[in-house]
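The values are calculated or read from the model by the stated rules, or taken from the named source; none is laboratory data. Here the structure is a predicted model, which means the values were calculated and not measured. Cβ placement follows ideal geometry from the backbone for every residue including glycine, while neighbour counts extend to all protein chains displayed.
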Amino acid sequence: MPIKPIDLQTLFTQMDKVARQNAAERDAAVAQKALLGATMQKKAVEEASSVKKLEEDKSGPGAVKDKQDETAAGAQSENKQKKEQERDQAEQETVQDPALGGHIDISG
C-alpha cells in the first residue's frame with residue numbers, strides 16, 4: 001500500500017504531538033529514577049539514625065544446653081581415649097636386655 005501525499009500531510013501535522021509524547025516518556029523515566037533514588041537515600045538515612053530492634057534467638061535456650069552437652073560428651077570421649085591409650089601402654093610388655101650398654105666395642 002503506497003503512501004499518498006495526503007497521508008504525508010496528515011503525518012506532518014501530527015509530528016509535533018508525537019515528538020512531545022516521546023520527550024515526555026523519556027523525561028518520565030528520568031524523573032522516576034530520580035524519585036526512586038531520593039526515596040532510597042531517605043530510607044538509608046532513616047535506618048542509620050534509628051534504633052534497631054533486636055531479633056530474638058530462634059534456637060531458644062535449649063541450643064545452649066545442647067552445645068554444652070556436646071562439649072561435655074566430647075570431653076568424655078577424649079578422656080576415654082586417653083585412658084585407653086594409657087591402659088594399652090601399661091599392657092604392652094617392655095623387654096629390656098640387662099646387658100644392654102654393658103659392652104662397649106671400641107675396635108670400630
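Checked against the criteria, ALA38 does not count as exposed (fewer than 10 other Cβ atoms within 10 Å of the Cβ), in a helix (DSSP H, G or I), at pLDDT 85 or above and out of contact with any Phe, Trp or Tyr (no Cβ under 7 Å at 6 or more places or on another chain). Go through the residues of segment 42-59 one by one and say whether even a single one is assigned to a helix (DSSP H, G or I), surrounded by 10 or more Cβ atoms within 10 Å (Cβ to Cβ) and either modelled with pLDDT under 80 or not hydrophobic (A, V, I, L, M, F, W, C) (or both). Yes, there is a match, as at least one residue in segment 42-59 is assigned to a helix (DSSP H, G or I), surrounded by 10 or more Cβ atoms within 10 Å (Cβ to Cβ) and either modelled with pLDDT under 80 or not hydrophobic (A, V, I, L, M, F, W, C) (or both).
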